[in-house]
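Engineer: Okay, handing you the structure first.
The values are calculated or read from the model by the stated rules, or taken from the named source; none is laboratory data. Please read all numbers here as calculations on a predicted model, not as lab measurements. Neighbour counts are summed over all protein chains in view; Cβ atoms, including those assigned to glycine, are modelled from backbone coordinates with ideal geometry. What goes into the accessible areas is simple: the full protein's heavy atoms, side chains included, and nothing from ligands, DNA or RNA. Shrake-Rupley method; radii C 1.70, N 1.55, O 1.52, S 1.80 Å.
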Amino acid sequence: MSKRKKLFTNSLIFALGDIGSKGITLLLVPFYTFYFSQSDYGVVDITQVTINLLIPILSLSVFEAVLRYVMDNENRSEIFTTGIVITILSSFLILFATFVFYLSGFLKDIIFTIGFILILQLFQSLYIQFVRGIGEIRIYALNGLLMSLLIGLLNVFFIAVLNFGIKGYFFSLLISLIFSVFYLHISIKGNQYYSFKLVSFKKSKILIAYSIPLMPNSIMWWIINASSRYFILFFSGASVNGLYAVSSKIPSVLAIFNSIFFKAWQLSAIEEFNSEDKSKYYSIVFNYLQKFLVIITALILLLLKPLFSIIVGVQFYNAWKYVPFLLMAILFSSFSSFLGTNYIAAKETKGVFFSSVIGGIVNLLFNIITIPLWGAFGASISSMFSFLIITIVRWIDTKKYIRISYNYKNIVSNILLLLLEIGVLYCGFDVYIEIILQVIVITILIVLNMDLFRSIWSIFSTKFLKGRSL
């Protein structure tokens, strides 16, 4: 199988899990906006954001190292067992901290639930990266789909039927994580991959040396993606934070496409890093990626206002104003993630940390300036510029690992057309004029990027239609 066909096939498999799981998550937004007030939704969001911050810190991001070293075909059992031991030690730390918080009275009603969610997410992160590393991507994809479906069903039961409110949300997540860990363990016959006799202090040092730079990188990534919530909460209150939380769900559609590709690309990038024609391969993939994501962004912008009028409550409709620049942030985040893979493939994770620190500092400075002035709108602007800065830094720094030939003219044209479409949304035109202008912009984008569609059709027809009679 050719490199591009393999990347395409893996992307399709990841699409099964991600579109299904993220699609279910998106479908739950109307449910949450119906049963939660703006303040309640803001509290749920800020708690989930905090959990996401703690995962890479408490785990030392060791699951990232497990993926990378398993893919080098090193002793899988030794690597997985060492990762398990590190995760167990982290879990004891979480239990201790949870008990201390409980005694202090902090979030007393749900603190143990949150503690167990953290522990389970550590183990789930380890399992899903190991599953990817050993090539079981179908299990990986199906796990995401099943877990999200279970979360949706349990949310309906706990929140709508039993009226548990915020507690119901966390109960659903807890039960779904338990299911996910057991499903992954059983699917790969996990017992065959670990034995405590294989625990290696030397291997743990290697894994931690690789993952430690990724831990502060995750914190910087969190600062860029989530710290704005705390600034909004401080300067504008929980209600505005709830609006911003809802607005971030629409850009997650673009993030789904990036996530699907990135999971497949990370595997291909590592496999092809030592090949002689890697520069040509990386260049082709990046230029097609940016074209695809730009067109998806343009289509989301076209559907933005109609979607908000349908899927969210009236009290959340104005949140659409924050979406366009959050979409641009996701777009630049996708570019920076692609370039960040070069560090991962080269096992030079310090570069990931360095570039993310710069982006995190820029984000904090912009948040301090823009959020007091413009509220949640300022937060979306801040995120966009932060990811743009990271992209530029990585574009310059990763040249020492690999030379990518960028189609600068096409990239600049695509971004300018997206900004033009965003400008149309804010001008307040009549709805029909607005749609016509957006369709014109999208048509120009499609014409400028027609080679993308030819390439997709070529791969699809070769893989699925070859040998079939019409």
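Engineer: Which one of these is surrounded by 15 or more Cβ atoms within 10 Å (Cβ to Cβ), part of a loop (DSSP other than H, G, I, E, B), under 29 Å from the mean Cα position of the chain (by Cα) and not small (G, A, S): F164, F170?
Structural biologist: F164
Engineer: Examine the stretch 413-423 for a residue that is more than 30 Å from Y288 (Cβ to Cβ) and assigned to a helix (DSSP H, G or I), and state whether such a residue exists.
Structural biologist: Quick first cut of the stretch 413-423, residues more than 30 Å from Y288 (Cβ to Cβ) only: none.
No, because not a single residue in the stretch 413-423 is more than 30 Å from Y288 (Cβ to Cβ) and assigned to a helix (DSSP H, G or I).
Engineer: When you look at S334, is it more than 21 Å from the chain's Cα centre (by Cα), of a type in the set (S, T, N, Q), in a helix (DSSP H, G or I) and at negative phi, yes or no? Show your work before the answer.
Structural biologist: Details: more than 21 Å from the chain's Cα centre (by Cα): no; of a type in the set (S, T, N, Q): yes; in a helix (DSSP H, G or I): yes; at negative phi: yes.
Taking the combined requirement at face value, the residue does not satisfy it.
Engineer: What do you reckon, is F332 buried (at least 17 other Cβ atoms within 10 Å of the Cβ), modelled with pLDDT of 80 or more, over 22 Å from L233 (Cα atoms) and of a type in the set (F, W, Y)?
Structural biologist: Working: buried (at least 17 other Cβ atoms within 10 Å of the Cβ): yes; modelled with pLDDT of 80 or more: yes; over 22 Å from L233 (Cα atoms): yes; of a type in the set (F, W, Y): yes.
Yes.
Engineer: Further question: Condition (residue is in contact with a helix residue (DSSP H, G or I) (Cβ under 8 Å, 6 or more places away or on another chain), at pLDDT below 90, farther than 30 Å from L364 by Cβ and open to solvent by less than 40 Å² (accessible area, probe 1.4 Å)) applied to the stretch 416-436: is it met by at least one residue?
Structural biologist: Among the residues of the stretch 416-436, not one is in contact with a helix residue (DSSP H, G or I) (Cβ under 8 Å, 6 or more places away or on another chain), at pLDDT below 90, farther than 30 Å from L364 by Cβ and open to solvent by less than 40 Å² (accessible area, probe 1.4 Å), which makes the answer no.
Engineer: Would you point out the residue of the stretch 396-410, among those that are touching a helix residue (DSSP H, G or I) at 6+ places or on another chain (Cβ under 6 Å) and in a helix (DSSP H, G or I), that is farthest from N287 (Cα to Cα)?
Structural biologist: First, the residues of the stretch 396-410 that are touching a helix residue (DSSP H, G or I) at 6+ places or on another chain (Cβ under 6 Å): 397-398, 401-405, 407.
From what is left, the residues that are in a helix (DSSP H, G or I) are 397-398.
Details: D397: 19, T398: 16 Å.
Going through the qualifying residues, I end up with D397.
Engineer: Same structure, new question: Name the residues in the stretch 46-68 that are on the phi < 0 side of the Ramachandran plot and either in contact with an Asp or Glu (Cβ under 6 Å, 6 or more places away or on another chain) or of a type in the set (S, T, Y) (or both), would you? Even if it seems obvious, please write down each step before you answer.
Structural biologist: Going through the stretch 46-68, the residues on the phi < 0 side of the Ramachandran plot turn out to be 46-59, 62-68.
Of everything in the stretch 46-68, those that are on the phi < 0 side of the Ramachandran plot and either in contact with an Asp or Glu (Cβ under 6 Å, 6 or more places away or on another chain) or of a type in the set (S, T, Y) (or both) turn out to be T47, T50, S59.
Engineer: I need a count of the residues in the stretch 336-369 that are open to solvent by 10 Å² or more (accessible area, probe 1.4 Å) and under 21 Å from L419 (Cα atoms).
Structural biologist: 1
Engineer: L364: of a type in the set (A, V, I, L, M) and free of Cβ contacts under 8 Å to residues at least 12 places away in the same chain, yes or no? If you could, list the steps in order and put the result at the bottom.
Structural biologist: Details: of a type in the set (A, V, I, L, M): yes; free of Cβ contacts under 8 Å to residues at least 12 places away in the same chain: no.
So L364 fails the test.
Engineer: OK, next. For the stretch 127-150, which residues satisfy the criterion of being of a type in the set (D, E, K, R) and more than 11 Å from S187 (Cβ to Cβ)? Explain how you work it out, then say what you get.
Structural biologist: Initially, the stretch 127-150 is screened for residues of a type in the set (D, E, K, R), giving 132, 136, 138.
Correct list: R132 only.
Engineer: Also, I was wondering about something else. Please work out which one of (1) at pLDDT below 80; (2) open to solvent by less than 40 Å² (accessible area, probe 1.4 Å); (3) within 26 Å of A376 (Cβ to Cβ) is the condition K203 fails and give its number.
Structural biologist: (3)
Engineer: Go through the stretch 84-135 and count every residue that is touching a residue at least 60 places away in the same chain (Cβ under 8 Å) and of a type in the set (D, E, K, R).
Structural biologist: Result for the stretch 84-135: 1.
Engineer: Any residue in the stretch 432-456 that is under 17 Å from I422 (Cβ atoms) sitting within a Cβ distance under 9 Å of a residue that is assigned to a helix (DSSP H, G or I) and of a type in the set (S, T, Y)? List the pairs, counting only those 6 or more apart or interchain.
Structural biologist: Qualifying pairs under 9 Å: I444/S413; L445/S413.
Engineer: Hey, among I456, I392, I396, which residue is of a type in the set (V, I, T) and either open to solvent by less than 70 Å² (accessible area, probe 1.4 Å) or closer than 30 Å to N318 by Cα (or both)?
Structural biologist: Result of the check over I456, I392, I396: I456.
Engineer: Could you say which residue among I368, I344, I361 is among the hydrophobic types (A, V, I, L, M, F, W, C) and at pLDDT below 85? Before you say what the answer is, go through the steps one by one.
Structural biologist: Working: I368 fails: at pLDDT below 85; I361 fails: at pLDDT below 85.
Unique residue meeting the criteria: I344.
Engineer: To continue, here is another question. Within the stretch 104-135, which residues are open to solvent by 30 Å² or more (accessible area, probe 1.4 Å), under 17 Å from Y193 (Cβ atoms) and in a helix (DSSP H, G or I)?
Structural biologist: F123, I128
Engineer: A follow-up question, please. Let me spell it out: the conditions are (1) crowded, with 19+ Cβ neighbours inside 10 Å; (2) touching a residue at least 60 places away in the same chain (Cβ under 8 Å), and R138 meets all of them except one. Which number is the exception?
Structural biologist: Unmet condition: (1).
Engineer: Quick check: anything in the stretch 92-103 surrounded by fewer than 16 Cβ atoms within 10 Å (Cβ to Cβ) and of a type in the set (S, T, Y)?
Structural biologist: Within the stretch 92-103, one or more residues are surrounded by fewer than 16 Cβ atoms within 10 Å (Cβ to Cβ) and of a type in the set (S, T, Y).
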